[in-house]
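First comes the structure, then the notes that go with it.
Every number in this text was worked out from the coordinates using simple rules, so none of it is lab data. It should be emphasised that the depicted structure is a prediction, and the values quoted were computed from it without experimental measurement. Because the Cβ atoms are built from the backbone with ideal geometry, glycine has one as well, and the counts that use them run over all protein chains shown.
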Amino acid sequence: MSVGQYWEAKADVPDCRFHVIDFTGNGSGTPTVNQATGVTLTRSATGDYKATFKDNPGKFVGLVADSFRSTTATDLAGFTAVAKTWDATNRVLEFLVFNSSFAAADLSSAQSLTIVAMFRPSSVPSV
């Protein structure tokens with residue numbers, strides 16, 4: 001699939017677009033990207049990740065899903081991903097990962113995360 005190719009989604013947001021970003025942690029190092037078409041992923045601080053989009057995906061609506069995986073599933077109990085900022089000028093979505101103690105946390109090499117970010121075209125009014 002090339003960047004910018006989408007399939008129709010049934011949603012109440014016209015022409016919404018979903019970007020799937022799947023990665024495996026690397027502690028304090030750069031995460032390993034497993035799936036992220038047209039997206040570069042970096043880690044900027046503990047639990048703080050930045051997804052830079054090659055092309056403008058549109059106006060950011062929100063994170064609509066997150067799914068954590070681990071070789072020991074209980075290690076990720078209570079973890080969540082939260083959108084921090086969307087920088088439309090530089091096409092950067094920053095999000096944070098928190099552990100069950102509500103502290104920012106890095107994922108280890110045995111842990112992975114899939115997030116789904118939703119965008120809409122700039123020409124479509126807010127709903």
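How would segment 66-119 be classified by its alpha-carbon gyration tensor: rounded, prolate or oblate, with rounded meaning a/c under 1.5 and the a/b versus b/c comparison settling the rest?
In terms of gyration-tensor shape, prolate.
Hey, of (i) 94; (ii) 206; (iii) 115, which did the structure itself give for volume of the Cα convex hull per residue in Å³ when calculated?
Answer by label: (iii).
Would you look at the GNM of the chain, springs on alpha carbons closer than 10 Å, and say which of Gly25, Gly78, Gly38 moves the most?
Gly78
Determine the gain in length on full extension of the stretch Thr30-Ala103; use 0.36 nm per residue of separation and subtract their C-alpha separation, reporting nm with one decimal.
Value of the extension gain: 24.3 nm.
Over the chain, what is the relative contact order in whole percent, taking alpha-carbon pairs under 8 Å and six or more residues apart?
It rounds to 34 percent for the chain.
Please identify every one of the trypsin sites (Lys or Arg not before Pro) in segment 40-127 that sits in a loop by DSSP and has no more than 15 other beta carbons within 10 Å of its own beta carbon.
Sites meeting the loop and neighbour criteria: Lys54.
Can you tell me, using C-alpha contacts under 8 Å and at least 6 residues apart, the relative contact order of segment 59-105 as a whole percent?
Contact order relative to length: 30 percent.
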